[in-house]
Amino acid sequence: MQMTPEEVILAGLGRGPIDKNRVSTMGASAFRKQVIERIPTLPRPVQDKVKQNMAQMGDKQYFSVVSLSGTATDLLEKNQKSEDGVRNIDDAQIDENTYFLLQSISLQYRTGTSGKFDDLLPAALSEAVWSFKVKNRELFYKNPVDMFGEPLFGYNSNKPLGTYVLNNPKWIEPNQTLAFEIEDAASTLSGDVKLKLIGTEIRTF
């Protein structure tokens, strides 16, 4: 998925006037517009590669499946490798030469340890809290898990169940360790949870 000449100008990478108001009139999806608007915040070498067609832009989902354990569960850990059906991220870090714009987070649940993740979040889990760190910097700190359930105060009103849409998407750079933790869950809670970090990646080559 490459940028059109108009998108290159709108991203501030080409010649000509930049009218960011025109981004809203383009036929691209809301997620793609968010990427285009934020390309100027990337490091200059990455911007240059985007301009020179030496980068690939595409949708991306990182996921991790973990069995709940007691009152606290880490869903991303530093020394875990990719494993089919379990996770597609190594060492809790974004791939080398990749910049990932995190646009939404999904948290799904299943009662046992097999089958589809289509159960509603149980009350014992929805009353817990979650935190998300990037390189030891807190992006989200002890927010209620039920944010992934019903819409919160008018936000995320048109979202799939189990998904939290970021109002201010965040760039995640390569080689930055991620940490996602659920705390204060009921000690008797069991089952699996599936974390999905959903967004758009720019991979340079």
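Residues of the stretch 90-107 include at least one that is loosely packed, with under 15 Cβ neighbours inside 10 Å, under 28 Å from Ile36 (Cα atoms) and of a type in the set (S, T, N, Q). Check whether at least one residue in the stretch 77-84 is at pLDDT 95 or above, closer than 25 Å to Val129 by Cβ and within 19 Å of the chain's Cα centre (by Cα), and report yes or no. Scanning the stretch 77-84, I find no residue that is at pLDDT 95 or above, closer than 25 Å to Val129 by Cβ and within 19 Å of the chain's Cα centre (by Cα), so the answer is no. Report yes if some residue within the stretch 61-74 is under 14 Å from Glu201 (Cα atoms), in the same structural domain as Ile198 (by TED's automatic domain parsing) and not small (Gly, Ala, Ser); otherwise report no. Yes, that holds for at least one residue. What pairs come out if I take residues in the stretch 22-44 that are closer than 24 Å to Tyr164 by Cβ and pair them with residues that are in a loop (DSSP other than H, G, I, E, B) and at pLDDT below 50 whose C-beta lies under 7 Å away, six or more apart or interchain? Short answer, once both residue conditions are applied: Lys33/Met26.
I want to confirm something. Restricting to the stretch 85-108 and keeping residues that are over 19 Å from Gly162 (Cα atoms) and hydroxyl-bearing (Ser, Thr, Tyr), which single residue is nearest to the chain's Cα centre (by Cα)? Checking each candidate, the answer is Tyr99. Scanning the stretch 85-116 for residues that are free of Cβ contacts under 8 Å to residues at least 60 places away in the same chain and hydroxyl-bearing (Ser, Thr, Tyr) yields a total of 1. The residues on offer are Val46, Val86, Val66, and the sole one that is closer than 16 Å to Ile172 by Cα and among the aliphatic types (A, V, I, L, M) is Val46.
For the stretch 116-141, the set of residues classified as touching an Asp or Glu at 6+ places or on another chain (Cβ under 9 Å) and assigned to a loop (DSSP other than H, G, I, E, B) consists of Phe117, Leu121, Glu127, Ala128, Lys135, listed by residue number. Could you check, for the stretch 55-74, whether at least one of its residues is in contact with a helix residue (DSSP H, G or I) (Cβ under 7 Å, 6 or more places away or on another chain) and of a type in the set (Phe, Trp, Tyr)? No, there is no match, as no residue in the stretch 55-74 is in contact with a helix residue (DSSP H, G or I) (Cβ under 7 Å, 6 or more places away or on another chain) and of a type in the set (Phe, Trp, Tyr).
The values are calculated or read from the model by the stated rules, or taken from the named source; none is laboratory data. In this text the structure is predicted, and so the values were computed from the model without any measurement. Because the Cβ atoms are built from the backbone with ideal geometry, glycine has one as well, and the counts that use them run over all protein chains shown.
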